[in-house]
Each structure stands twice: as C-alpha cells, then as structure tokens.
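S.K.: Dropping a structure here in structure tokens format, bear with me for questions.
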Amino acid sequence: MTATIAPVVKAPKRAGDRIFSGAALAGGLVILLALAAVAVFLVAESLPAFGAKATDIPGTAGQFPTFWAYVAPLAFGTVWAAVLALVFAIPFSIAIALFISHYAPRRIARGLGAIIDLLAAIPSVVYGAWGIFVFGPFVRPFWEFLAETFPWFPLFSGPVDPNARSILTVALVLAVMVIPIITALSREIFLQTPRLNEEAALALGATRWEMIRMTVLPFGRAGIVSASMLGLGRALGETLAVAMVLSPNVIISFFLLRSQNPTTVAANIALQFPEAFGTSVNVLMATGLVLFVITFAVNAASRAVIGRRAAGKGI
Amino acid sequence: MKHLRAGLAIGTALTAMIALSSCASNEPAATSSNGGSSSGAASLNGTLNGVGSSAQSNAQTAWAKGFQTANSSVTVNYDPQGSGAGRTAFEGGGADFAGSDSALPAAELSGDFKLCKAGTKGIDIPVYVSPIAIVYNLDGVKSLNLDASVLAKIFTGKIKKWNDSAIADLNKGTTLPSTAITPVYRSDKSGTSANFTDYMHQAAPSDWTAEAADLFPTGIGSGAAKGSGIVAAVTGGKGTIGYVDDSSVGSLSVAKIKVGDSYVAPSAEVASKSAETSPLDTSRTGNDVVVKINRTTTDSAEYPITLVSYLIACQQYQDSSRANLVKAYAEYVTSTDGQQAAADTAKSAPMTGTLLSKAQAAAASIK
C-alpha cells in the first residue's frame, strides 16, 4: 500500500524562491539598464562632436581638421599603452600564479597571494605619484642605456625624456596595476586543475614543469585569456596614473622613450575636461564614446576566443 | 462685529509677524536695513557655492575662512574644478559664483546666465593677482637672466643647449654647461599657460607666432599635469625649464626676466605694480573689470608674466538673498583684509591703488 509512486509534481514555489529569482532578475536588469544609460548618455553628448569645427577641437587652433583626426591618435595611444602593459604583465602574472599554486610552500603561497591582492587595492593616484617620484627616476638610467646601446632599433631612438615620462614607463606602471588582477584569476584557475590529471602526468614520469605544461596550462588557457582581457580592460580605462606620469601629445608614435608620446583617451579627457567648454566638451565626450566602443570590441573578441577554446579543448 | 474686527486685527498682526520673521530668516540683509541696524553683514546666513580656477584654490580657502569668521552663519564652499568648469557651472546655475583665470569670453558673455535677472549679464571682478615664475634646474647655475625672445626660442625648440650664444649674451660672467634643454609645459589646460604664451606672443611676436592659448602647443619638450607636475618634472630632470605660479616654486631656481634694461625676479610687489598700471579692457562695459596685463612694460618695478584671476558674479541676481551673500563675499575678497589674507596664505600679490578701488566698486555694485 505504501509503495505507490507519486506522480511527478511541480515543486511548489515558496516565497523565498520567488523573492530570490526576482532579486536576481532585478540585479541583471539593473546592470543592463545602467549600461544602456551610459551608452545613451555618451551617444547623446557625442552627437554635436561629429560635425565639430576645427576651432572647437581641443589642441592648438585648427591643429585637427576633423573629429576623426583628433580621435585616431588617442585611440591608437590607448591601445598601444594597454598592449605594451599586457606584454609585460601576462608572463609575470602567469609566473607568479604558478609559483603560488604549484611551487611555493603553502604558508608562503597564502601570504604572497594576499600581498598580490593588496596591490590591486592601491588607488591609481598613488601609482601616479609613485610613477613620477620613484619609478620614473629609477628607470631613467635604463632607458638612457637602451637608447645609447641600441640606437639602430627604431622603438628605442632618443632623446630620452629627462624624467622618463614616456610611454614605456607608463606601460610598466600599468603592468604593475594589472598584474594583481591577472594573477588572482589565473591562480584560482590553476588551483582548479583536476588532481587526477596532474598525478597521472607525474606518474608517467613528467617533471613538475612538464606536468604544468601538460595539464595546468591547457586546462587554464581559457581562464588566462579571460583574466588578461579583464586586465586589458583596466589598462585601457586607466586615467589618473597615465595623466600624471605621461608626457602627452595627440600623435601616433611608436617611439618608447621620447618626451612626445601618444596619450590615451581617458587621460586626455581627465586633463582637458576641467577647462573645456562649449562643443569641445562634446568632442571629449565623443572620444569617451570611442573608448567605450573599443572596450566593447575587446570584450566581445575575448568572449569569442574563450568560447572557441572552451569548445575545442574540453577537459 | 466688534469681536470679529478685533479678531481680524489680531490675525493680521500675527500674519504680519510670521511674514516678517520668515522674511528675516530668508532675506537677512533686507530686514536689517528695514530695522535700521547698522551691522548688516552680521545677520547674513546661508550657503555660498563657488566653482572654478584651481589657481585661486588656496586664496579662496583663506577668504572662506575669513568670511565665515566674520559671518558665523554663512558657509562658503569653493570647488577648484578649473576655470572653464567654474564658468560653465555658474552660467548653468550650478554655482553662485565662479573663479576664472580668464575673463568671460565674448561667446559666453552673449549667452544666458541662469541665476542673473533677465537681461543682465555676469561681470568679472579681479580678485587674485600672482606672478608666474620661470623655474629651471641646471647644475651649478644659481642665477639666470632670460628675455621673451630667448624663452620663446627655448619653448619652440630653436635653442637646444644651455650654452647657446643667445642665452650666454644675457648671462655674461656665468659659465653655462652644454646640457640639452628640456622645456616642461602644462599638459592640461591652464590659465598659467595662457598668461605665459600671451607674454611670449606679445613681447616676442616674431619668435612666438601662436596666439595665447590655455592649452600649451605640444611637440617640443615634456608635458606634465598641473603645477605640481611641472615642479616634479623640473626638479627631477636635468637641464629642464618650466613655468609655474610663484607660490609653488619651492626650492627650485627662478630665472629673472628682462624688463627694460634690467632683470626682474617675480615677487608680490612687482606683480601688484604690474596689475595696477596695466590698462583695462576698454571693450568691457559697466562693472565688468578686465585687466590687460602690459606684457611689454619697460618699468623695472613691474613683472610682465603676471596672472590676474577673476571672481565672476551676476550684476543682478534673481534672488536677492543670494545677491546679498555674493556681494558681501566679493566685498570681503576685494577688501585690503581679504587681499592680505590671500597674500599670507596663497602668497598672491595683493591688489593696490586704482585696480583695487575699481574691483571694490564692481563688488559693491552687485544687486
């Protein structure tokens, strides 16, 4: 009599369920709305800029004939500085993350992890001041050495800025700011590597480095890409540290050590906005819109990369 | 009927009293003049919000402190967001007054002022005068003479070494090293840049062909954000030269500028004299007081690279209590006490003579 199987019933919806799903939905919608509001605001403020006269564009009178001539060097500088920063930050971050997850004794690993996380909590104005007063003077002799030793290498051609306020210094400061982000995420992903895979590799006679190459890195590849993209996002949008450290020009230039450096969109807005009025405010807003689009494109590209990797290399 | 009338009378009296007292809390100066009290300023209350020039920041802090000490129920807030931001905020009604390193440009003067009575405009009142120092960092050279032409050639990159004959001619008896010169300029828009470029353009037009500009033309030298950034860059580099407000020079060496046949170092005295003797902009009408600093002066008691910064207020506010507050504040700022307070705190040059009385008259004309 007791063995009758109850028909499948829908689980009754309790108040808690409904509240939670409602709250989660609301949270998701608020984010979308906020993003939409930012986009609408940027577009609305930017519209007058596209037809701006040369005299309304910041810079020496008539220096930039159209808005696009003004924004192109800024967009270049933004991507250039961020990419340079990632070139330094990614290898360092992966090395630190691997050290913490697979090499360091547990006690040291925990302390080191906390210290790296702390780096992310330092405000960018502090990084800016550090860049001006400590890091710049510190790296200047190295930059001078580079310029004197490799004068034939175009990127290093002088004259070196007397305070090392060049794009290479800025890229290194940005790298230091980005490292904690990439490290923290990579570390967590490396720790997720299935224990069985690692032990199997070791059992086959792999050394620790071979084990990491065979199991940890392939497993974490998508994670490393997404961590790097998050870092890239921070580097693209970083404002104050760049504004303080860089000697900025609105130019396209690949020289790493000179005083005339391509500046970034965010730093340029920060420096020009307080004294801007009339249509030049709209022009600055429109450069912000361009940054918004760049960031969006970078994120979409990284999503695509992660999606392809995850689909191809399931573990 | 009698009762009713008495009731009415009492009622009217009560209403009048309430009206009067509420009037007293809203429009202090109006009641004090009605009451015949002579201590009009003592009954001021409310909050005064200013936005504008960061050059005025220290002076505004001193003025706010002095004004609040004299009027304990008034709060003065000054937000040093920058001159352009200040003017925009004031014109849009977001600030009661603006601090600005440049006088209202014609384009803005023809626009609307939200807080001002319809048909009236904003006026510029000079409040802050400060010399701009040419600072440099060159090993072994403690004293340096420069003129407009040499400065313009340095900042356009035509003079590249410190031992260039043009510099040596001005500094006979000083041994100049062959160090390369790195000019350091402001990478943000600034009144300091506007005054410095105006000086070079007027005093050496053939060497500095560009008009005065808030944004220093880039391409030569190294850019640094804000006055503090210039000081850091000049201090940290070798063979650097830059321009900053005289109050933030610190331990850097300051060049003397050729005026007439002699060389003048920046100081409060020479800047005050320069501001006082310079002509006013005659295109301005009424109480709009705008100084055109004489950049080509030959009087060695003057210093041509001097910045005059303005307090911008309505000639006539829509709101009379706001008008009273701004007027009282502007009167304090342009008083000898106010000017001295700024000189003590911000190391500015106190205004003197006719310029001071013109500024005071403009402040008193606010309605």
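S.K.: Excluding same-chain residues fewer than 8 positions from residue B:160, which lysines have a Cα within less than 18 Å of its Cα?
M.R.: Filter leaves B:238.
S.K.: Tell me, what ³J(HN,Hα) does each residue in the stretch A:189-194 have, in order and in whole Hz, if you take phi through Karplus 6.51 cos²θ - 1.76 cosθ + 1.60 with θ = phi - 60° and put x for Gly and Pro?
M.R.: Once rounded to whole Hz, the list reads 5, 4, 5, 7, 3, x.
S.K.: Could I ask something else about it? Among the aspartates and glutamates, select those whose C-alpha is under 12 Å from the C-alpha of residue B:121, and discard any that sit fewer than 8 residues away in the same chain.
M.R.: Counting by Cα, and skipping residues close in sequence, residue B:121 has these aspartates and glutamates nearby: B:91, B:108, B:112, B:288.
S.K.: Hey, what angle do you get for helix A:136-149 against the long axis of chain A, alpha-carbon based, 0 to 90 degrees rounded to 10?
M.R.: Orientation of helix A:136-149: about 70 degrees from the principal axis.
S.K.: Please report the relative contact order for the stretch A:51-104, taking Cα pairs under 8 Å with a sequence separation of at least 6, and give it as a percent rounded to a whole number.
M.R.: 20
S.K.: When a/c is below 1.5 the answer is rounded, else prolate if a/b is larger than b/c, else oblate, so apply that to the protein assembly as shown with a ≥ b ≥ c taken from the square roots of the Cα gyration tensor eigenvalues.
M.R.: Judged from the Cα gyration tensor, the protein assembly as shown comes out oblate (a/c at least 1.5, b/c at or above a/b).
S.K.: Exactly which trypsin sites (Lys or Arg not before Pro) in the stretch B:64-150 are in a DSSP loop and have at most 16 other Cβ atoms within 10 Å?
M.R.: B:114, B:117, B:142
S.K.: Sort B:155, A:50 so that the residue with the fewest other Cβ atoms within 10 Å of its own Cβ comes first and the one with the most comes last.
M.R.: A:50, B:155
S.K.: A follow-up question, please. Once the Cα atoms of helix A:67-98 and of chain A are each reduced to a long axis, what angle between those two axes, in degrees from 0 to 90 to the nearest 10, is obtained?
M.R.: In chain A, helix A:67-98 runs at an angle near 50 degrees to the longest axis.
S.K.: Would you mind working out the magnitude of the charge dipole of the stretch B:131-273 relative to its Cα centre, with +1 at each Lys and Arg C-beta and -1 at each Asp and Glu C-beta, to the nearest 20 Debye?
M.R.: So the magnitude is around 360 debye.
S.K.: Determine the distance separating the Cα centre of the stretch B:296-362 from the Cα centre of the stretch A:47-123; give it in Å without decimals.
M.R.: 44
S.K.: OK, next. Based on alpha-carbon atoms only, what is the radius of gyration of the stretch B:131-273 relative to the globular estimate 2.2 N^0.38 Å?
M.R.: 0.95
S.K.: Starting from a Cα-only point model with no solvent, please compute log10 I(q)/I(0) by Debye for chain A at q = 0.07, 0.14 1/Å.
M.R.: Once normalised to I(0) and log-transformed, intensities are -0.40, -1.17.
S.K.: Below 23 Å, Cα to Cα, which lysines can residue B:189 reach? Residues fewer than 8 away in the same chain don't count.
M.R.: Qualifying lysines at Cα under 23 Å: A:53, B:153, B:226, B:292, B:347.
S.K.: Right, another one. Order these by the 10 Å Cβ neighbour count, fewest first: B:245, B:261, B:169, B:299.
M.R.: Arranged by neighbour count, lowest to highest, B:245, B:261, B:169, B:299 become B:261, B:169, B:299, B:245.
S.K.: Please give the average number of partner chain Cβ atoms lying within 10 Å of the Cβ of each residue in B:223-234, rounded to a whole number.
M.R.: What the average comes to for B:223-234 is 5.
S.K.: At 222 nm, what value in deg cm²/dmol follows for chain B if DSSP H runs of at least 4 each add -39500 (n - 2.57) and the sum is divided by all its residues, to the nearest 500?
M.R.: -12000 deg cm²/dmol
S.K.: Per residue, how big is the convex hull of the stretch B:235-367 when only Cα atoms are used? Give it in Å³.
M.R.: Each residue corresponds to 133 Å³ of Cα convex hull volume.
S.K.: Which residues make up the longest stretch of chain A that has no trypsin sites (Lys or Arg not before Pro) in a DSSP loop with at most 13 other Cβ atoms within 10 Å?
M.R.: Result for the longest clean stretch: A:54-312.
S.K.: Looking at B:191, B:334, A:193, which one has the Cα that reaches farthest to the positive end of the dipole of the protein assembly as shown (charges on Cβ: Lys, Arg +1; Asp, Glu -1)?
M.R.: Positive-end residue among those listed: A:193.
S.K.: Taking the Cα centre of the protein assembly as shown as origin, work out the dipole magnitude from +1 charges on Lys and Arg Cβ and -1 charges on Asp and Glu Cβ, in debye rounded to 20.
M.R.: 2340
S.K.: Something else: Towards the positive end of the charge dipole of the stretch A:68-310, with charges on Cβ (+1 Lys, Arg; -1 Asp, Glu), say which of A:99, A:212, A:281 has the farthest Cα.
M.R.: A:212
S.K.: Taking other Cβ within 10 Å of each residue's Cβ, how do A:257, B:355, A:29 sort, fewest first?
M.R.: Ranked by crowding around the Cβ, least crowded first: A:29, B:355, A:257.
S.K.: If you fit an axis through the alpha-carbon atoms of helix B:57-70 and take the longest principal axis of the Cα set of chain B, what angle between them do you get, 0 to 90°, nearest 10?
M.R.: So the helix axis and the longest Cα principal axis differ by about 30 degrees.
S.K.: In nm, give the distance between the simple-model label positions of residue B:120 and residue A:40, each being 7 Å from the Cα along the Cα-to-Cβ direction.
M.R.: 3.9
S.K.: Something else: Report the label-to-label distance for residue A:121 and residue A:152 in nanometres (one decimal), using points 7 Å from each Cα along the Cα→Cβ vector.
M.R.: 5.1
S.K.: Can you list residues from other chains, or at least 5 along the same chain, whose modelled amide H is less than 5 Å from the amide H of residue A:261?
M.R.: Hits under the 5 Å cutoff: A:249.
Every number here is computed from the coordinates shown, using simple stated rules; none is lab data. This is a predicted model, so every value here is computed, not measured. Positions of Cβ are backbone-derived with ideal geometry, glycine not excepted, and every protein chain shown enters the neighbour counts.
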